[in-house]
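Quick notes on the structure that follows.
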Amino acid sequence: MPRAAQTRGRCGYCGRELTCSGLGRHFGSCPARRKVTEKADSGRGRPRQIHHLRVRDAYGLGYWLHLEMNGDATLFELDQYLRRIWLDCCGHMSAFRIGRAQYADPFDDPFGFNDFEPIEAEADEVFTEDLSFVHEYDFGTTTELELRVLAPRTGKPTTNHGIALMARNDPLRIPCQDCGAPASLICLDCCYQGVDDWAGHVCDDHAAAHAAHCDYGHPMAIFNSPRSGVCAYGGPAEPPY
């Protein structure tokens, strides 16, 4: 598996720009984050385990997220978050692979052909520090994500939701295959016939020429998501909240 591209993104607390791994270290000492967590801890509610998740595309393209997930939030909530920010195009099946277990919605397997664990399992039930696991969306044209549980904290959530976005990669700077200018669209014909990850990416000026020969119609828009150009993915690739 190729090493993940060193794309950069901004800390959601202080705005500092770092790589994915750099932000993973930065959050532990970020003064702005500390103020946010201290304010949350002074409010109502009980302290709980809150897990720090790093999510990356499994292909080393440079798409990544840093998330906080409450210990009592479920894998189903995490699946829905990943679908909304990165994945969902046609309501395909999905599953987590954690160790030898596979966690999925039983409605995706009504005849019981697979030995699925319940996707309603809570994070505290399955997560341990340094745990690495996989999420797969769409078992035909699959998008695979690698997740790792980083250092947890004990405290109160900073939002009313079970999952909070702390940082994500900036949109990738992908060159047009014809001229090298920033690409904005994907010609699926060229993409499927290409020899590298960025084949078929074209700029606005060259899109018309590709539309004329592409059997899949007009080139598709590029989104800040590893699902760009796959199946009928059309974004919006925005945080759900």
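A few remarks follow.
- In the range 176-195, the residues that are open to solvent by 40 Å² or more (accessible area, probe 1.4 Å) and in contact with a His (Cβ under 7 Å, 6 or more places away or on another chain): 177, 178, 179
- A single entry from 126, 134, 149 fulfils the requirement of being out of contact with any helix residue (DSSP H, G or I) (no Cβ under 9 Å at 6 or more places or on another chain), open to solvent by less than 40 Å² (accessible area, probe 1.4 Å), touching a residue at least 40 places away in the same chain (Cβ under 8 Å) and of a type in the set (Val, Ile, Thr): 134.
- The residues listed here are 150, 131, 185; of these, the one that is in contact with a Gly (Cβ under 8 Å, 6 or more places away or on another chain) and at pLDDT 90 or above is 150.
- Residue match in the range 223-231 (condition: at pLDDT 90 or above, within 15 Å of the chain's Cα centre (by Cα), among the basic types (Lys, Arg) and more than 26 Å from residue 32 (Cα to Cα)): yes
- Boolean, residue 105 is under 21 Å from the mean Cα position of the chain (by Cα), surrounded by fewer than 17 Cβ atoms within 10 Å (Cβ to Cβ) and at positive phi: no
The values are calculated or read from the model by the stated rules, or taken from the named source; none is laboratory data. This is a predicted model, so every value here is computed, not measured. Neighbour counts are summed over all protein chains in view; Cβ atoms, including those assigned to glycine, are modelled from backbone coordinates with ideal geometry. Please note that ligands, DNA and RNA were not included when accessible areas were found on the heavy atoms of the full protein model with its side chains. Shrake-Rupley method; radii C 1.70, N 1.55, O 1.52, S 1.80 Å.
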